[in-house]
Amino acid sequence: MEIDSKYNPAEVEDKWYKYWLENGFFRSTPDEREPYTIVIPPPNVTGVLHMGHMLNNTIQDILVRRARMQGKNACWVPGTDHASIATEAKVVAKLAAEGVRKTDLSRDKFLEHAWEWTHKHGGIILEQLKKLGASCDWERTCFTMDEERSESVIKVFVDLYNKGLIYRGIRMVNWDPAAQTAISDEEVIHKEEHGKLYYIRYKIEGEDGYAVIATTRPETIFGDVAVCIHPDNPKTEYLKGKKVVVPIANRVIPIIEDEYVDMEFGTGCLKVTPAHDVNDYMLGEKYNLETLDIFNDNGTLNAYGLQYEGKDRFDVRKQIAQDMEEQGLMEKTEAYTNSVGFSERTSVAIEPKLSMQWFLKMEGLAKPALDAVEDDTIKFYPTKFKNIYRHWMENVKDWNISRQLWWGHRIPAYYLPEGGYVVAETEDEALRLACEKTGNPNLQLSDLRQDEDCLDTWFSSWLWPISVFDGINYPNNPDINYYYPTNDLVTGPDIIFFWVARMIMSGYEYRHEPCFRNVYFTGIVRDKLGRKMSKTLGNSPDPIELINKYGADGVRMGMLLTAPAGNDIPFDEALCEQGRNFNNKIWNAFRLVKGWTVDDSIPQPEAAAAAVKWFTMQLSKTLVEMDDLYDKYRLSEALMSAYKLFWDEFSAWYLELIKPGYEQPIDGATYKATLGFFDSLLHILHPFMPFITEELWQELEPRQAGESIMISLMPLPAEIDEAYQDSFEIVKEIIAGIRTIRKEKNIPFKEPLDLLVNGEHDERFNPVIEKMGNIGSISTGAASGLTASFLIRTAEYAIPLGNMINVEEELAKLNEDLIYQKGFLAAVLKKLDNQSFVSKAPASVIDNERKKQADAESKIKSLEEAIAVLKKN
């Protein structure tokens, strides 16, 4: 059979992926087998593949392919997320480039543009995942805004509202001025910002004096409604009962007293701006203060900002500081570092803002979800993330689920003409409820106004493990009853609160059981400098370009080589090159084996028989080890076990042991065993490297149409004779000793050597030693004459050198080594003779020096004996 001299991934990958699809190998339907289910963390519908996706989906594919080869009914559900904020921002930007503003369009017209954008750019990432080899059941592809998922989201909203868990109210929220929507606490990233602390003079009404107030945000003075001091602070005693004038705004506001004020911060005076600070809002509620919202939704100042109206908040900060300096209202400024919240989606500084929003009560939902992780009903890998999860769940806040966007699931609340609202799944149901609530049977649908806001994207993806099987709409359908709970979730720790915790909550709320059994947290992919890979830094390679360069299997292996669960991945393109080199190693080993001529009439050599017996156990040992590593989700180590088995044991030892002489045939028994080993090796490598393993498996034996390695069973371990394995390891050490002597003495491999053994030795393996070391004879007895020897355990192995070496050159080399060892010993003895060193050094250091002394003395004795023998000859 003619096999190409080089492995060409481009030819192989497309061919076999098409074959897998055509034969429906990824397709799963309920049957009598044990199910194994993974749901993909849905990427943004208009996103493209990045290195984080590569890692995450490689791991998922490994788990799914292995489960399939264990005989399980493996189902990997793919899909995408509508990503409200990100997608709407792209559509708004696209329209702006065409000279169209969102505000110029009706909601329906804008959504037409959004759907057009989604259809044009959506799904690219799923096609890219196919290049990686992802074995998803593509017929099950879901989208968080498709019909079934949308119905599920609305049904859940109505259900939770009817249970009293969803409510509407004015709250201080995190406002994203770029996206112009509220976002949840979990979507706020806090960063250290180097700014200024501004000390501003507020004139005391009716007096010449000032109250000096320190703030990081001078632009918010237009929202000031009071100044607060601590009742026990002697520094601010003079302000009690007085009023001050807000600079520039020239409004008179009262001085109030509260123990909340930190007497040590700034001047001890706190400006109170209830509309733009959470703590100020609480003070405002407590003292019934007015609330002045000074910002427009886009972060510019409104009419309250007087002459600064329409200007951006940060531009106003600079301008107002300058204006105060000129008017003598600025006492001083200081450099100041504080923590500022930024939108996770738009990277813009968030603005605390009072807003009417919809909220979901979390406390009751969180309890079973916390217990499930605490008692390991749901296991986290690595376990360190349990602590983070526990802290958040024990301090969980109500979830702000409304977003001031149009792209998403529209909130199913309908406002009545005379005030109030109803919540319903459909317009017809809303009208029925409205008629009941108002007692007016003549109400028309046109009399009702649906809420303009849409739901947080996470409100759809928290239902994902249930909704992909349509388990909300049809709670007892065959798919949900068979595939749920799912088995494993593979995701990043950065969305442990956004997504993981909330999915667990929805699982207990709607199925009364966990939504998955295990959560494998991947690390963050970083560059060689430790920086997170990002488009902004330009340090993230294009995954598709990597696949084109190194092959999908090479890239998959490169991603896994340094990807321990939960730890960051220091990615280096050299790892993909290492993966490609391993592909080539497998390919060349296969070509070697398939290139041999087989003769069934010749007997099996003893060395080959021993090799087959040994490698059978070595393979079994690795299978057991890999199963254990898989169970612990230590996939990097499982890959390394398979890698070492093929490279170190199969290629470097087994193939060398059984390889026939030049242009000689191989016996049938050994060849058959070797093909069997190759079959097993391809199986254990397949989850990691699906393409090359399919290509070679198809070439290994004649195959029928519709056969595939991916649906054949993983090999099972055979019985392992530990004593035999240990004995073979000793043999490998003996062969290594022989090779060292050949290298040191410059004796070519073609020159046969004799081997003398003095001590305990297992003669069963003599044929192995003879073949691997080109040993003409092995005999027992003490060495004499000119020999080179080495110790393995308690036995001495010696090789008579005769006239195979240049005596003068060898003497010179040994004398040079002797001089070095004597000098080294003298330095060690000098240390040990130094009483100051001996009395002060730790016992472990002294023991180490004495060991150095003993080793040097032993080497000197051996060198002197070797020199004496050479001189006799």
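Details
- Amide H within-cut-off set for Thr80, under 5 Å, with H built and near neighbours excluded: Cys142, Phe143, Thr144
- Computed from backbone phi, the HN-Hα couplings of region 840-854 come to 9, 6, x, 4, 5, 5, 4, 4, 5, 5, 5, 5, 4, 4, 5 Hz, rounded to whole numbers (Karplus: 6.51 cos²θ - 1.76 cosθ + 1.60, θ = phi - 60°; Gly and Pro given as x).
- Rounded to whole numbers, the Karplus 3J(HN,Hα) couplings from phi for region 110-117 are 4, 5, 4, 5, 5, 5, 4, 4 Hz, using 6.51 cos²θ - 1.76 cosθ + 1.60 with θ = phi - 60°, and x at Gly and Pro.
- Compared with the dominant Cα axis of the chain, that is its longest principal axis, helix 552-561 is turned about 90°.
- Unit charges at the beta carbon, dipole of the chain: most positive-side option, Ala67, Val348, Asn298: Val348
- When you restrict to C-alpha pairs under 8 Å that are six or more residues apart and normalise by the size of region 777-818, the relative contact order lands at 28 percent.
- Unit charges at the beta carbon, dipole of the chain: most positive-side option, Leu165, Ile747, Leu111: Ile747
- Sulfur and carbon atoms: percent of accessible area, region 1-142 [1.4 Å]: 52 percent
- Relative contact order for region 315-432, counting Cα pairs under 8 Å that sit 6 or more residues apart, in percent: 18 percent
- In Hz, Karplus ³J(HN,Hα) per residue of region 183-197 (6.51, -1.76, 1.60; θ = phi - 60°; x = Gly, Pro): 10, 7, 4, 5, 8, 9, 9, 8, 10, 6, 10, 8, x, 10, 10
- Value of relative contact order over the chain, rounded to a whole percent, pairs C-alpha under 8 Å and six or more apart: 12 percent
- Where trypsin sites (Lys or Arg not before Pro) fall in DSSP loop in region 503-534, at most 15 other Cβ within 10 Å: Lys528, Arg531
- Less than 5 angstrom separates the built amide H of Ser540 from those of Ser534, all sequence-distant by 5 or more or on a different chain.
- C-alpha long axis of helix 51-69 to longest principal axis of the chain, angle in °: 60 degrees
- Percent accessible area from carbon and sulfur atoms, region 565-648, protein chains only, probe 1.4 Å: 47 percent
- Counting every C-alpha pair in region 76-197, the share spaced more than 19 angstrom apart comes to 67%.
- Cα-centred dipole magnitude for region 547-683, charges only on beta-carbon of K, R (+1) and D, E (-1), debye, nearest 20: 200 debye
- For region 726-834, applying the loop criterion from DSSP together with a ceiling of 15 other beta carbons within 10 Å to the chymotrypsin sites (Phe, Trp or Tyr not before Pro) yields Phe749.
- Region 547-585 versus region 694-739: alpha-carbon centroid distance in Å: 23 Å
- Comparing Cα centroids, region 664-693 and region 29-70 end up 27 angstrom apart.
- Residues in the chain average 46 Å² of solvent-accessible surface per residue, probe 1.4 Å, ligands and nucleic acids excluded.
- Sequence-distant residues sharing a close amide H with Ala563 (under 5 Å, placed H): none
- Student exercise, the chain dipole from Lys, Arg, Asp, Glu Cβ charges, in Debye to nearest 20: 1560 debye
- Pairs exceeding 19 Å between alpha-carbon atoms, taken from Lys94/Lys130; Lys813/Lys872; Lys240/Lys353; Lys240/Lys271; Lys94/Lys120; Lys191/Lys532: Lys94/Lys130; Lys240/Lys353.
- Reducing region 502-529 and region 290-308 to their Cα centroids gives an inter-centroid distance of 41 Å.
- What you get for region 661-741, charging only the Cβ of Lys and Arg (+1) and of Asp and Glu (-1), is a dipole of about 160 debye around the Cα centre.
- Against the chain, whose longest principal axis is taken from its Cα atoms, helix 635-644 shows a tilt of about 20°.
- Protein accessible area in region 225-298, 1.4 Å probe - carbon and sulfur %: 48 percent
The values are calculated or read from the model by the stated rules, or taken from the named source; none is laboratory data. Here the structure is a predicted model, which is why all the values come from computation and not from measurement. Here the Cβ is made from the backbone with ideal geometry for all residues, glycine too, and neighbour counts use every protein chain on show. Protein only, heavy atoms only, side chains kept; ligands, DNA and RNA dropped before computing areas. Shrake-Rupley method; radii C 1.70, N 1.55, O 1.52, S 1.80 Å.
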